[in-house]
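Have a look at the structure below before the remarks.
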Amino acid sequence: MAKYYPTIGLEIHAELKTATKMFCNSKNDPHEKRSNVNICPVCMGHPGTLPTVNKEAVKHVLKVGVSVGGVIADYSEFDRKNYFYPDIPKGYQISQYQFPLVKGGELASVVLTRVHLEEDTAKSFHVSGEEIEEHSLIDFNRAGVPLMELVTEPVITTSAQAVSFARELQLLLRTLGVSDADMEKGGMRVEANISVSPILGTFGNKVEVKNLNSFRSVERAIEYELKRQESVIEEGGEVVQETRGWDEEKGETFSQRKKENSHDYRYFPDPDIPKFLLSEIPEFSVERLQSELPELPWKKRERLIQQYALKPEDSELYVQDSFLAEFFEKVSAGLKDKKFIKLASNYIVSDLVSLQKESVVNPMRLLPENFTELIEMTATGEVSSRGAKDILKVMYEEGGAPRIIAEEKKLFQQSDESFLISVAEKVISANQKVVSEYQKGKGTALQYLIGQCMKETRGSANPAKMQEILSKLLKS
């Protein structure tokens, strides 16, 4: 098979977090279980109603634009995108065409074309069964919800790069607080425009794969479609420009309809929504928007690695989890010796994360200052690694100070030489076969004996001291 060069562009929609919908005062509530309760004459497209622009939704999109280094529009307007489908009550969707809010920008090394604002459609449900006639139902709760659409340039070349970009966008939206971007619940939907060409630098016929609702689906659908298009060309056929769906169970795309072009939608400026100049709105100035931004994910990654010398994977965890990031930085600030920071991070990344997953206690009762004290006790040898884990579990589930817990549960590390000698002698006496193996040169036998001593002392023995004592006794 000849070599083919993939070209991929993404269109990503994300529902925005606002109190009300895009052009009316109906509640924007993605968690509403009852059908058709968050609706009004405006979002249902009743004759004579007039839309009003949601200012907060506009600001959300502008924050995204500033974050990715896009050009914020001065003049902008909304357009009518005309098509007839049951989930569009008006017969058209209010969107943006020629004058989007944001042009350009870059995210995760992918160049962006535009970021604009529109209204979401209603949600269709297809019902069938043995005892009922097949039919469809529509819930209009989602109709009119503010929807950000971000379009990339066709510069992505692999499925892995596409997934990486989508993950970074999801992280940015959550960091900014403008969207939950929950793909499983439809809060973020990915569409991939895919083509292949045997000639580098040229485009093949583009196929759009719609409504991919998980990162796994994005990767699998792109991989499948690249192979399908290559096979079509290899067999002497021509790839048809069309819209295709993704069947998750079959792991393949399927034809839906011929691909529409922009002129098919008959875009024209919405006559009911006034045009506006963003430069006339002080809170939409680039300076004002930049001053309100939180620390952006890529800047946070770099800072954590430079400031704390963290491993990239540890830094990534803190970028993804703002709670753990705040906890880690509070602990780090409280440590008397900054050499203990890596140890603190290791306990957070491994033990604390495991407790979060396994414990039924939520939220945790662990305070940063108590965790800081535990790390210092561990680093200075007051408690063993095993003892620290036991203390941490108690602090997580019940709260409390580590010294008090260590005292109550006898978890302070034993360094008293006479006590440790008596333990070592007992273990040696009970494990003569292992002692013989050690004396014949089997080095791992010593580790077994140390383990038995730790077991005997319920983890309270100082392992370094224990090893020293065992080595002396076994040589005598």
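The values are calculated or read from the model by the stated rules, or taken from the named source; none is laboratory data. Because the structure is predicted, anything quoted here is derived from the model rather than measured. Reconstructed Cβ throughout: ideal geometry from the backbone, glycine too, with neighbour counts over all protein chains shown.
Here are the numbers for the structure shown:
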| quantity | calculated |
| --- | --- |
| Any hit, the stretch 5-18, residues being among the basic types (Lys, Arg), over 30 Å from Ser231 (Cβ atoms) and either in contact with a helix residue (DSSP H, G or I) (Cβ under 7 Å, 6 or more places away or on another chain) or part of a loop (DSSP other than H, G, I, E, B) (or both) | yes |
| Count - residues of the stretch 397-424 that are closer than 17 Å to Glu376 by Cα and either part of a helix (DSSP H, G or I) or without any contact (Cβ under 8 Å) to a residue 12 or more places away in the chain (or both) | 6 |
| Options Asn211, Asn205; residue that is within 28 Å of Pro146 (Cβ to Cβ) and without any contact (Cβ under 8 Å) to a residue 40 or more places away in the chain | Asn211 |
| Checking Trp298 against (1) surrounded by fewer than 16 Cβ atoms within 10 Å (Cβ to Cβ); (2) outside any helix (DSSP H, G or I), the condition it does not meet | (2) |
| Considering residues of the stretch 1-17 that are of a type in the set (A, V, I, L, M, F, W, C) and surrounded by fewer than 20 Cβ atoms within 10 Å (Cβ to Cβ) only, the residue modelled with the lowest pLDDT | Met1 |
| Segments classed as strands (runs of 3 or more DSSP E), wholly inside the stretch 51-135, with at least 2 members that are under 25 Å from the mean Cα position of the chain (by Cα) | 110-119 |
| Residue in the stretch 160-176 that is of a type in the set (Gly, Ala, Ser), closer than 19 Å to Thr243 by Cα and at pLDDT 95 or above present | yes |
| Conditions (1) crowded, with 19+ Cβ neighbours inside 10 Å; (2) more than 24 Å from Leu324 (Cα to Cα); (3) among the β-branched types (Val, Ile, Thr); number of the one not met by Ile405 | (2) |
| Thr175 being under 23 Å from Phe323 (Cα atoms), surrounded by fewer than 21 Cβ atoms within 10 Å (Cβ to Cβ) and of a type in the set (Ser, Thr, Tyr) | yes |
| Strands (runs of 3 or more DSSP E) wholly inside the stretch 178-252 that include at least 2 residues being more than 30 Å from Lys123 (Cβ to Cβ) | 188-197 |
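One line per residue, one yes/no per condition, for (1) farther than 25 Å from Gly177 by Cα; (2) touching a residue at least 24 places away in the same chain (Cβ under 8 Å); (3) surrounded by 23 or more Cβ atoms within 10 Å (Cβ to Cβ):
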{"residue": "Ala19", "(1), (2), (3)": "no, yes, no"}
{"residue": "Glu32", "(1), (2), (3)": "no, yes, no"}
{"residue": "Cys43", "(1), (2), (3)": "no, yes, yes"}
{"residue": "Leu50", "(1), (2), (3)": "yes, yes, no"}
{"residue": "Gly69", "(1), (2), (3)": "no, yes, no"}
{"residue": "Tyr75", "(1), (2), (3)": "yes, yes, no"}
{"residue": "Phe84", "(1), (2), (3)": "yes, no, no"}
{"residue": "Tyr92", "(1), (2), (3)": "yes, no, no"}
{"residue": "Val102", "(1), (2), (3)": "no, yes, yes"}
